[in-house]
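Participant: Got a structure here, written out as structure tokens. Questions coming.
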Amino acid sequence: MDAQLIASLVTIVVAVHVMLLGCAYLILLERKVAAWTQDRIGPNRVGFSFGVLPVRHSCWGLGQPLADGLKLLLKEDYTPPGAERALFLLAPVMVLIPTMLGWAIVPWGGYLQWGGRVVSVTAAAIPIGVIYALAIGSLGVYGVVVGAYASNSKYSFLGGLRAAAQMLSYEIPTGVSALTIILVHGTARADMLVHLQANGVWNVFYQPVLAVVFFTCVLAECNRAPFDLAECEQELVGGYHTEYSSMKWALYMLSEYMHMIAGSALFALLFLGGWDLPVVHEPLVGGLGWVALKSLVFIVKVAMLLLVMMWVRWTLPRFRFDQLMRLAWRGMIPVTLAVLLATSALVCLKLPAWTMAVANAVVAVGALMALEWSQPHTPENYRVPLAGSRFSPVR
Amino acid sequence: MPTLSQQASDAGLEQVAPLLFYAFALLTGLSAWAVVISQNIVRMSVYLLMTLAGAAGLYFMLGAEFLAAIQLIVYVGGTLILIVFGIMLTNKSPFAQLRTEPWEMMLGVFIAVVTAALLIFALSQTPMKAQGEAILNSGYDQVRAVGVGLLTKYLMPFEAVAVLLLVVMVGAAFMARQRARK
């Protein structure tokens with residue numbers, strides 16, 4: 001067998017197992033972060049004894065994910081009588097698969113030199129790296145829509161349509177931001193993007209506006225608060241997974257966390273220099289020690305981003321649906337397009353890279369001024385005339 | 001670093017390639033058949049999704065990664081719009097059954113036979129293996145080649161398509177607005 005094939009297989013096996021276990025503990029971490037934000041203690045009782053084993057210590061609640069998983073497996077797996085059985089079964093899988101395929105291009109540790117051979121520590125080091133990740137990311141919304149339709153429930157259906165509109169809208173600024181980074185570096189290869197940042201300055205300093213937009217879009221595409229309109233309890237019960245129970249519901253939850261990891265990894269490699277550690281000068285090709293160090297740096301960056309996501313979730317209140325769509329179509333898409341145009345002009349004129357940061361600042365100031373100018377100057381909250389609403393002037 | 005990347009992306013796919021090809025070809029063919037015989041619009045869209053995704057997989061195997069990614073973004077993304085619009089904008093309920101008239105079936109068979117004949121003729125005229133190997137071995141950058149091509153040699157068709165899309169979008173927005181006013 002080929003050396004690269006072996007390296008890819010090892011990377012896939014390790015990454016999938018680490019991620020699946022990581023997802024379980026991310027859910028525990030989320031509950032802990034929620035508790036800290038709300039001045040509670042959070043889950044701290046379930047250890048590894050489960051009432052049977054002779055472990056006395058509660059292990060700081062680290063047994064909670066195992067207990068949760070067991071509970072979900074033992075719950076009744078109910079399919080509503082009116083559902084489309086085949087699609088109902090297929091939908092959670094259709095959500096899960098794209099989120100796992102998206103990791104294929106993440107360059108965990110650059111290149112490994114092993115006995116005269118050089119292999120890439122990536123599942124698939126394909127030339128179009130980042131574009132592939134975006135393409136796969138656009139498939140995630142199918143499972144949501146199909147699951148919502150197959151449930152044959154009005155709440156699910158409305159939740160699914162909301163989720164589809166939201167995810168499709170936020171894909172556009174994501175794509176334009178990634179495109180701008182590709183334009184600056186002249187390559188879409190994930191490992192090359194990281195390598196070019198490692199030798200220079202991280203993109204987050206050159207393109208701060210794009211970084212903010214991209215991070216917000218990742219939040220929106222994961223359907224996470226403040227963008228979790230699709231499962232808004234007050235209006236839609238449980239959203240698109242209202243009718244799902246047991247392990248099928250757990251797959252939806254799991255895929256949300258996997259989507260978060262994939263989005264954070266993409267953000268880290270596009271804007272935070274991937275496996276680059278600021279002071280240390282890492283070579284692109286290194287031995288096992290270098291690969292381990294670089295993978296660790298990458299994973300720490302992803303973990304920090306995940307923590308920020310949780311922090312945001314438990315801090316900010318939820319948007320209203322029209323505010324959400326307005327943010328995407330009137331806010332982010334024009335801003336990203338302006339940054340794209342400015343950056344392409346700078347790249348075309350071969351100006352030094354720091355001018356991109358200036359262009360970003362100009363665009364940000366312009367956007368803020370446009371916002372200030374376009375908003376009505378009334379003390380009360382600006383109400384959209386939503387036909388049919390109780391508060392609406394339009395009847 | 002072209003040498004390094006070539007060395008690293010030189011994955012040993014030879015052993016599994018035929019299996020993957022048959023898997024993707026089977027997925028594409030069977031789900032295309034299912035699109036035709038299905039009567040429920042949402043199921044049709046799901047089968048169409050599988051067809052297009054299978055074709056994207058075949059593109060990946062042929063080394064045309066950029067085309068595959070664009071297939072996923074444009075067509076597969078477009079199918080989703082089709083599902084949503086099929087449900088929302090048709091007057092029928094999403095569980096309605098679609099019936100095909102006999103003359104529609106005749107027309108469909110006629111178009112299918114003509115298209116297949118045209119494609120088979122075109123394929124038999126193209127020295128695919130020689131050309132493909134020459135392109136793959138030249139180690140060129142797909143994204144760059146497509147971009148340069150669109151902005152130099154094929155600029156006119158590119159612009160014409162862009163204008164057409166713009167017109168369609170404006171028209172759709174106009175029609176939707178008229179409908180909302182009523």
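Participant: Give me the mean projected area, in nm² to one decimal, of the convex hull enclosing the Cα positions of region A:119-240.
Facilitator: Hull-based average projected area comes out at 8.7 nm².
Participant: To the nearest 20 debye, what charge dipole does chain A have about its Cα centre, counting +1 at the Cβ of each Lys and Arg and -1 at the Cβ of each Asp and Glu?
Facilitator: Roughly 380 debye, rounded to the nearest 20.
Participant: Okay, moving on. Pop out the ³J(HN,Hα) list for region A:300-307 in order, Karplus 6.51 cos²θ - 1.76 cosθ + 1.60 with θ = phi - 60°, rounded to Hz; leave Gly and Pro as x.
Facilitator: 5, 4, 4, 5, 4, 5, 4, 5
Participant: Sort region A:43-106 into rounded, prolate or oblate with this rule: let a ≥ b ≥ c be the square roots of the eigenvalues of the Cα gyration tensor; rounded if a/c is under 1.5, and if a/c is not under 1.5, prolate when a/b is larger than b/c, oblate otherwise.
Facilitator: oblate
Participant: Work out, step by step, the length gained on full extension between A:Cys59 and A:Ala345: first 0.36 nm times the residue separation, then minus their alpha carbon distance; give nm to one decimal.
Facilitator: 97.3 nm
Participant: Take the alpha carbon gyration tensor of region A:75-322, find the square roots of its eigenvalues, order them as a ≥ b ≥ c, and report rounded if a/c is under 1.5; if not, report prolate when a/b exceeds b/c, else oblate.
Facilitator: Note, shape of region A:75-322 comes out prolate.
Participant: Follow-up. With a 10 Å radius around each residue's Cβ, average the other Cβ atoms per peptide and rank A:291-304, A:254-267, A:274-287, A:171-184, highest first.
Facilitator: Most protected by this proxy first, the peptides run A:254-267, A:171-184, A:291-304, A:274-287.
Participant: Which of A:Val52, A:Val144, A:Val308 moves the most in a Gaussian network model of chain A with Cα springs under 10 Å?
Facilitator: A:Val52
Participant: Let me ask something else. Using just the helices of chain A, give the 222 nm mean residue ellipticity in deg cm²/dmol: DSSP H runs with n ≥ 4 each add -39,500 (n - 2.57), and the total is spread over all residues, rounded to 500.
Facilitator: -20500 deg cm²/dmol
Participant: Using the basic label-point model (7 angstrom from Cα toward the beta carbon), what is the B:Thr152 to B:Ala134 distance in nanometres?
Facilitator: Here the answer is 1.8 nm between the modelled labels.
Participant: Here is a further query. At what distance in nm do the modelled label points of A:Val16 and A:Ala35 sit from each other, each positioned 7 Å from its Cα along Cα→Cβ?
Facilitator: Rounded to a tenth, the inter-label distance reads 3.3 nm.
Participant: May I ask which residue of B:Val161, B:Leu150, A:Ile126 lies farthest towards the positive end of the charge dipole of the protein assembly as shown, with charges of +1 (Lys, Arg) and -1 (Asp, Glu) on Cβ and the Cα centre as origin?
Facilitator: Of the options given, the answer is B:Val161.
Participant: A further question on this structure: With the dipole of the protein assembly as shown worked out from charges on the C-beta (+1 for Lys and Arg, -1 for Asp and Glu) around the Cα centre, which of A:Asn223, B:Gly57, B:Ile120 lies farthest toward the positive end?
Facilitator: Among A:Asn223, B:Gly57, B:Ile120, the one farthest towards the positive end of the dipole of the protein assembly as shown is A:Asn223.
Participant: Could I ask something else about it? Can you compute the modelled spin-label distance between A:Ala303 and B:Arg144, with each label point 7 Å from Cα toward Cβ, in nm?
Facilitator: 3.9
Participant: Continuing with the same structure: Scan around A:Trp114 for amide H atoms under 5 Å from its own, H built in the peptide plane at 1.01 Å from N, and keep only partners 5 or more places away or cross-chain.
Facilitator: Result for A:Trp114 returns A:Val119.
Participant: While we're on this one: By the gyration tensor of its Cα atoms, with a ≥ b ≥ c the square roots of the eigenvalues, what is the shape of the protein assembly as shown: rounded for a/c under 1.5, prolate for a/b over b/c, or oblate?
Facilitator: The shape class here is rounded.
Participant: On to the next question. In region A:59-96, which trypsin sites (Lys or Arg not before Pro) are in a loop and have at most 13 other Cβ atoms within 10 Å, using DSSP for the loop call?
Facilitator: Filter output for region A:59-96: A:Lys75.
Participant: Let me know the charge dipole size of region A:32-191 about its Cα centre in debye, to the nearest 20, where only the beta-carbon of Lys, Arg (+1) and Asp, Glu (-1) is charged.
Facilitator: Dipole of region A:32-191, to the nearest 20 debye: 340 debye.
Participant: Which of these, A:Gln323, A:Gln197, A:Gln113, has the largest mean-square fluctuation under a Gaussian network model of chain A (Cα springs below 10 Å)?
Facilitator: In this elastic network of chain A, the residue with the biggest mean-square fluctuation among A:Gln323, A:Gln197, A:Gln113 is A:Gln323.
Participant: Report ³J(HN,Hα) in whole Hz for each residue of region B:53-67, in order, from the Karplus equation J = 6.51 cos²θ - 1.76 cosθ + 1.60 where θ = phi - 60°; Gly and Pro get x.
Facilitator: 5, x, 4, 4, x, 5, 4, 4, 5, 7, x, 9, 5, 5, 4
Laboratory data are not the source of any read-out in this text; all were calculated from the coordinates shown. Because the structure is a prediction, the values reported are computed rather than measured. Cβ sites come from the backbone with ideal geometry, for glycine too, and all protein chains shown count toward neighbours.
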